[in-house]
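The block underneath contains the structure these notes are about, expressed in structure tokens.
The values are calculated or read from the model by the stated rules, or taken from the named source; none is laboratory data. These numbers come from a predicted model, not from an experiment. Cβ placement follows ideal geometry from the backbone for every residue including glycine, while neighbour counts extend to all protein chains displayed.
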Amino acid sequence: MTPVLVSSAGRRGALVRAFRDAGAVVHGCDMQPELSSGCMLADHAHQVPRCTAPDFIDRIEDIVRANGIRLIVPTIDTELMAYAEAAPRLAAAGAYVHVSPPEVIAVVRDKTRTMEVLAAADLPVPDTCSEAELRAEPDRLGWPVFGKPVGGSASRGLGSYDSFAVLPDSFPEPMMFQPVLKGPEYTVNIFVDRAGQLQTVVPHLRIQTRAGEVEKGRTTRRADLRALAEGIVRALPQARGVLCFQVIDDAARGPRIIEINARFGGGYPLAHHAGAHFADWLMAELAGRPSGASDDWRDGVTMLRYDDAVFTG
């Protein structure tokens, strides 16, 4: 059995189970592991400092060396750069970090830069401007506009504004603005093998979301969304492993890419149940075997999430 560390395990119980089913002894880590259902469902749990703390990687390396961890799986945006920069160090300690290189993380963690890189690759993205640009030219996007933090995640700081008059006088962090898009939203889960080849593209319709994660979704095979995935991999040729991106299929403009997450998405369990076993494929690559990744997954699979509980003591 291969020891795997799911970082910032939080509520990622389904991801823990996916790696256990793939043949892993699963370790979870979190700031308060005793309050993390993902950690409690793991075989072993570890306490770590916040991922922005100066000793975060020191603690991760200690866990790796003490437990023979072979694979580290980050799960939140804010820890990606720390892991990307520390990947060589952690590899020397014996663990492969499932993360794209820092050059890729720098793009996807800056939503304005993401839009610029994708637009330069002729991929469809919404018109985008900074707060300063919007204030200097209020009608450049039309109204209403949608604002979000440049470095945001987990739906933090999102807002829709019907006119310049209701725009706040200031924001607590750098913001970007786009026209309000109207239409169904999709998450597209992709798997890029270690050779940089796009192997799998699994879109799912986000029927209903909660706190930024899909609560009800349905796999939907669409050639146009696969073409967008191919374009993203061309635009970010160093991307590796599991990524996901969001698309709004605007009624007037057509599909528009709104962001990329270089990690397992919260809706991964739907892709896994439909036959896209990313966890198994990463484990196969770790063992030096062909991943077995393919695009053979089931269309029309619906996920209906519900609240469950983990009890301790």
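Among the residues making up region 295-313, those that are touching a helix residue (DSSP H, G or I) at 6+ places or on another chain (Cβ under 9 Å) and surrounded by 12 or more Cβ atoms within 10 Å (Cβ to Cβ) are ASP295, TRP297, ARG298, VAL301, THR302, MET303, ARG305, VAL310. Taking (1) over 17 Å from the mean Cα position of the chain (by Cα); (2) part of a helix (DSSP H, G or I); (3) farther than 23 Å from THR312 by Cα in turn, PRO54 satisfies each apart from (2). Considering each residue of region 279-287 in turn, at least one proves to be loosely packed, with under 15 Cβ neighbours inside 10 Å, touching a residue at least 24 places away in the same chain (Cβ under 8 Å) and over 30 Å from ALA120 (Cα atoms). Just one of the numbered conditions (1) touching a strand residue (DSSP E or B) at 6+ places or on another chain (Cβ under 6 Å); (2) closer than 23 Å to ILE190 by Cβ is not true of ALA95: (2).
Can GLN246 be described as within 25 Å of LEU304 (Cα to Cα), surrounded by fewer than 23 Cβ atoms within 10 Å (Cβ to Cβ) and free of Cβ contacts under 8 Å to residues at least 60 places away in the same chain? No: the conditions fail for GLN246. Scanning region 146-189 for residues that are without any contact (Cβ under 8 Å) to a residue 24 or more places away in the chain, within 15 Å of GLY212 (Cα to Cα) and either surrounded by 18 or more Cβ atoms within 10 Å (Cβ to Cβ) or of a type in the set (D, E, K, R) (or both) yields a single hit, ARG156.
Can you confirm whether ALA132 is within 18 Å of ARG256 (Cα to Cα), outside the structural domain of MET175 (by TED's automatic domain parsing) and surrounded by fewer than 19 Cβ atoms within 10 Å (Cβ to Cβ)? Judged against the criteria, ALA132 is not a match. Note on region 97-147: among residues that are in a loop (DSSP other than H, G, I, E, B) and among the charged types (D, E, K, R), the one that is nearest to the chain's Cα centre (by Cα) is ARG109. Filter region 166-205 down to the residues that are charged (D, E, K, R) and under 29 Å from GLU133 (Cβ atoms), then identify the one that is farthest from the chain's Cα centre (by Cα). It comes out as ASP169.
Inclusion of ILE60 among residues that are in contact with a strand residue (DSSP E or B) (Cβ under 9 Å, 6 or more places away or on another chain), surrounded by 14 or more Cβ atoms within 10 Å (Cβ to Cβ) and not in a helix (DSSP H, G or I) is not warranted. Scanning region 16-43 for residues that are in contact with a strand residue (DSSP E or B) (Cβ under 6 Å, 6 or more places away or on another chain) and not in a loop (DSSP other than H, G, I, E, B) yields VAL16, PHE19, ARG20, ALA24, VAL25, VAL26, HIS27, GLY28, CYS29, PRO33, GLY38, CYS39.
ALA271 meets all of the listed conditions (1) over 20 Å from ILE76 (Cβ atoms); (2) touching a residue at least 12 places away in the same chain (Cβ under 8 Å) but one, namely (1). Only residues that are within 23 Å of ASP280 (Cα to Cα) and either free of Cβ contacts under 8 Å to residues at least 60 places away in the same chain or polar (S, T, N, Q) (or both) were counted across region 62-87, and they come to 6. In region 222-313, counting only helices (runs of 4 or more DSSP H) that sit wholly within it, the ones holding 3 or more residues that are hydrophobic (A, V, I, L, M, F, W, C) and within 22 Å of MET81 (Cα to Cα) span 223-235, 278-286.
Residues being touching a Ser or Thr at 6+ places or on another chain (Cβ under 7 Å) and outside the structural domain of VAL233 (by TED's automatic domain parsing) are entirely absent from region 118-125. Scanning region 207-251 for residues that are out of contact with any Lys or Arg (no Cβ under 7 Å at 6 or more places or on another chain) and either at pLDDT below 95 or of a type in the set (Phe, Trp, Tyr) (or both) yields a count of 6. Selection of first residues in region 213-233 that are touching a residue at least 12 places away in the same chain (Cβ under 8 Å) and of second residues that are part of a helix (DSSP H, G or I), restricted to Cβ pairs under 6 Å at least 6 apart or on distinct chains, gives the following pairs, ordered by first then second residue: GLY217/LEU270.
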